[in-house]
Amino acid sequence: MDETANLSLAYIAPQQAQKFITHNEALRDLDTLVQLSVLDRDLATPPGSPSAGDRYLVATSPTGAWSGQAGRIAAWQDGGWLFYDPRAGWRAWVADEAALLIFDGTGWAPATPVNPAPMLGVLTTADATNRLAVKSDVALFANDDVTPGSGDMRIVVSKAAAARTASLTYQDDFSGRAEMGLTGDDAFHVKVSPDGSTWYEGLTVGGTGGVEFPSIATTAGAANAVLDSASNNALLRSTSSLRFKTAIEPVDPARSHALLAAEPIWYRSTAPADEPGWSYYGFGAEPVAAIDPRMVQWGFGESDYEKVTTAGGRTERRLRPGARKTPQAVAYDRFVVHHHVLLNELFRRVEALEARETK
């Protein structure tokens, strides 16, 4: 046997002359292959001015001094190129890519496979639960403009069955505060939590597109859903059930009579959604509030908000300091109660008059 089994280093033969030549060649081969680090793996033409010890992985269709050496390791030693055949399991650091590769017997591939990768951490450590973990101020997902793709960009979250969950959870210091997605069925749910453990269903959109508001939010409005201008125009589900009412007593007729002072008006509207050439009937929220503040919806108008730039450079819409709620809309549904009181009183008077006439 004239050479070693793995690196093919030549042995010094018994009584060999000029043993130093064989020894030095073995040292040169070791210097090239041990702790293998190459400068590049994409070159097919030798560099013009290599330095001693420079190594490369020769690319396909090489030319010049590298002709016919595709896939081999090229090393500049003693003023010339030496070539070596990689073997399965060899590792090489590629300096210009800052990547560690492994030779699988056919080609060079990432030492830690990217596809498929068992887990991946970016500036943090992935684990068996969070197999993909990213620490970053911003994460960008953009459409494929290299292949190129269709120009679309979709993020797909898939679950195994209807009873499972596919959702996005938003946290405050790793404590859940909001969740949206398919949580336990195939309807789209939006949930919120004040503490990460107790969750409230805010909105449900069924498979047919119907919108549901599972939580009771107000007993003050008679409509099934009420826009609350006091809270960013939140859409509240309303109820008239006695289960949510307390301190119940009859309406004081004096309050109903007071509302008769509310003056119906005929007016033109400056609201963007209204026809400027039409006239409308209604009441003014401010005069009605002066009679009975419970007969209007109180909240904030557009002028009560301002745009603020956060430390992170985002622009957010926030309530101005010192802003106060003002009358925003007449609660026309509440007039029904007072009209009922007044009609009952009128009917009783008519009945009394009719009874007097029959005597």
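Residue by residue, here is whether (1) over 33 Å from the mean Cα position of the chain (by Cα); (2) not in a loop (DSSP other than H, G, I, E, B) holds:
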position	(1), (2)
SER51	yes, no
PRO62	yes, no
ALA65	yes, yes
GLY71	yes, no
LEU82	yes, yes
ALA88	yes, no
ALA92	yes, yes
THR112	no, no
ALA117	no, no
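Check ALA17, ALA13, ALA5 and return the single one that is in a loop (DSSP other than H, G, I, E, B), at pLDDT below 75 and over 57 Å from the mean Cα position of the chain (by Cα). Walk me through it before giving the result.
Numbers: ALA13 fails: at pLDDT below 75; ALA5 fails: over 57 Å from the mean Cα position of the chain (by Cα).
So the residue among ALA17, ALA13, ALA5 that is in a loop (DSSP other than H, G, I, E, B), at pLDDT below 75 and over 57 Å from the mean Cα position of the chain (by Cα) is ALA17.
Kindly indicate whether ALA289 is in a helix (DSSP H, G or I), farther than 25 Å from LEU227 by Cα and of a type outside the set (Lys, Arg).
No, not satisfied.
Those residues that are under 10 Å from LEU182 (Cα atoms) and either modelled with pLDDT of 95 or more or touching a strand residue (DSSP E or B) at 6+ places or on another chain (Cβ under 9 Å) (or both), I need them from the stretch 145-168; list them, please. Give the steps one after another, and end with the answer.
Pass one, the stretch 145-168, residues under 10 Å from LEU182 (Cα atoms): 157-159, 162-168.
Hits for the stretch 145-168 are VAL157, SER158, LYS159, ALA162, ARG164, THR165, ALA166, SER167, LEU168.
Tell me the residue from PRO110, PRO116, PRO62, PRO148 that is more than 23 Å from ASP42 (Cβ to Cβ) and of a type outside the set (Gly, Ala, Ser), please. Steps first, please.
Numbers: PRO110 fails: more than 23 Å from ASP42 (Cβ to Cβ); PRO62 fails: more than 23 Å from ASP42 (Cβ to Cβ); PRO148 fails: more than 23 Å from ASP42 (Cβ to Cβ).
After applying the criteria, what remains is PRO116.
Which members of the stretch 120-164 meet the condition of being among the charged types (D, E, K, R), open to solvent by 100 Å² or more (accessible area, probe 1.4 Å) and free of Cβ contacts under 8 Å to residues at least 40 places away in the same chain?
Applying the first criterion (among the charged types (D, E, K, R)) to the stretch 120-164 yields 127, 131, 135, 137, 144-145, 152, 154, 159, 164.
Filter once more, keeping what is open to solvent by 100 Å² or more (accessible area, probe 1.4 Å): 131, 135, 137, 145, 154, 164.
Matches in the stretch 120-164: ARG131, LYS135, ASP145, ARG154, ARG164.
Residues of the stretch 165-195 being at positive phi and either aromatic (Phe, Trp, Tyr) or open to solvent by less than 70 Å² (accessible area, probe 1.4 Å) (or both), which ones?
Of all residues in the stretch 165-195, those at positive phi come to 173-174, 181, 184.
Residues satisfying the conditions are PHE174, GLY181, GLY184.
What do you reckon, is ALA352 of a type in the set (Gly, Ala, Ser) and open to solvent by less than 100 Å² (accessible area, probe 1.4 Å)?
Considered against the rule, which asks whether it is of a type in the set (Gly, Ala, Ser) and open to solvent by less than 100 Å² (accessible area, probe 1.4 Å), ALA352 comes out as yes.
Which residues, counting only those in the stretch 245-278, are of a type in the set (Gly, Ala, Ser) and part of a loop (DSSP other than H, G, I, E, B)?
First pass over the stretch 245-278, keeping only residues of a type in the set (Gly, Ala, Ser): 247, 254, 256, 258, 261-262, 269, 271, 273, 277.
Result: ALA247, ALA262, SER269, ALA271, ALA273, GLY277.
For the stretch 298-359, give me every one of the strands (runs of 3 or more DSSP E) that falls completely inside it and has 1 or more residues that are out of contact with any Cys (no Cβ under 8 Å at 6 or more places or on another chain) and closer than 25 Å to HIS257 by Cα. Reasoning before the result, please.
Working: elements: 305-309, 315-319, 326-330.
Correct list: 326-330.
Looking at LEU236, LEU227, which is the one that is open to solvent by 30 Å² or more (accessible area, probe 1.4 Å), in contact with a Phe, Trp or Tyr (Cβ under 8 Å, 6 or more places away or on another chain), among the aliphatic types (A, V, I, L, M) and not in a helix (DSSP H, G or I)? So that I can check it myself, show each step before the final result.
On the way: LEU227 fails: in contact with a Phe, Trp or Tyr (Cβ under 8 Å, 6 or more places away or on another chain).
Within the list LEU236, LEU227, the selection yields LEU236.
The values are calculated or read from the model by the stated rules, or taken from the named source; none is laboratory data. Because the structure is predicted, anything quoted here is derived from the model rather than measured. As a convention, Cβ positions derive from the backbone with ideal geometry for all residues, glycine included, and neighbour counts pool all protein chains shown. We work out accessible area using only protein heavy atoms, side chains counted, and drop any ligands, DNA or RNA first. Shrake-Rupley method; radii C 1.70, N 1.55, O 1.52, S 1.80 Å.
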